[in-house]
Amino acid sequence: MSMTNDERPTTKDRPQKSDEEWRKQLSPEQYHVTRQSGTEPAFTGKYYKSKETGVYHCICCDQPLFTSDAKYDSGSGWPSFWQPIDANSVREITDSTHGMVRTELRCAKCDAHLGHVFEDGPQPTGLRYCMNSAALDLKPTEKK
């Protein structure tokens, strides 16, 4: 399910919304996390303990980001995944705030802050995509 370079979202493809439009669409916490690079307190987000199956989408633009199959309990207090649904659905940037250097994860489609990626996750990737519940919208798998 990978995209070619021609299929990757570009700046022109991003939702062109004003700050006021984002504030109307999102709750105050969702806005703070996704548009201001905030972080929800550990162990408070609605998905950190979720075992429901489905696909986690970006709360801002509905881009599919992670599947429940890649979710695991990292003990960190945030929903954690060992890989995104597609490498092109997210983008990594260097975050040197708070006196440390980390890898920030953003939605490739709308540039929403999602969380951070760490190199202490399980195999097969060894990565921990530590996300904010406020940045995600779980669309459950339909039960048959």
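The values are calculated or read from the model by the stated rules, or taken from the named source; none is laboratory data. Predicted, not measured: the structure shown is a model, and the values here were computed from it. As a convention, Cβ positions derive from the backbone with ideal geometry for all residues, glycine included, and neighbour counts pool all protein chains shown. The protein model used for the area step is the full one, side chains on, heavy atoms only, and it has no ligands, DNA or RNA in it. Shrake-Rupley method; radii C 1.70, N 1.55, O 1.52, S 1.80 Å.
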Scope the range 44-54; condition surrounded by fewer than 18 Cβ atoms within 10 Å (Cβ to Cβ) and under 13 Å from MET131 (Cβ atoms); matching residues: LYS46, SER50
Residue match in the range 114-126 (condition: closer than 21 Å to THR53 by Cβ, among the small types (Gly, Ala, Ser) and part of a loop (DSSP other than H, G, I, E, B)): yes
Selection status of TYR47, among the aromatic types (Phe, Trp, Tyr) and touching a strand residue (DSSP E or B) at 6+ places or on another chain (Cβ under 8 Å): yes
Boolean, CYS130 is at negative phi, open to solvent by less than 20 Å² (accessible area, probe 1.4 Å), outside any loop (DSSP other than H, G, I, E, B) and touching a residue at least 40 places away in the same chain (Cβ under 8 Å): yes
Scan of the range 74-95 for residues that are open to solvent by 50 Å² or more (accessible area, probe 1.4 Å) and either farther than 17 Å from GLU119 by Cβ or in contact (Cβ under 8 Å) with a residue 24 or more places away in the chain (or both), ordered by number: TRP78, TRP82, GLN83, ALA87, ARG91, GLU92
Test: residue in the range 105-114 that is surrounded by 21 or more Cβ atoms within 10 Å (Cβ to Cβ), in contact with an Asp or Glu (Cβ under 9 Å, 6 or more places away or on another chain) and free of Cβ contacts under 8 Å to residues at least 60 places away in the same chain: yes
Test: THR10 is at pLDDT below 95 and over 25 Å from GLU142 (Cβ atoms): yes
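Rundown of residues vs (1) open to solvent by 40 Å² or more (accessible area, probe 1.4 Å); (2) touching an Asp or Glu at 6+ places or on another chain (Cβ under 9 Å); (3) under 12 Å from ASN132 (Cα atoms), yes/no style:
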{"position": "GLU29", "(1), (2), (3)": "yes, yes, yes"}
{"position": "HIS32", "(1), (2), (3)": "yes, yes, yes"}
{"position": "THR39", "(1), (2), (3)": "yes, no, yes"}
{"position": "ALA42", "(1), (2), (3)": "no, no, yes"}
{"position": "TYR56", "(1), (2), (3)": "no, yes, yes"}
{"position": "SER68", "(1), (2), (3)": "no, yes, no"}
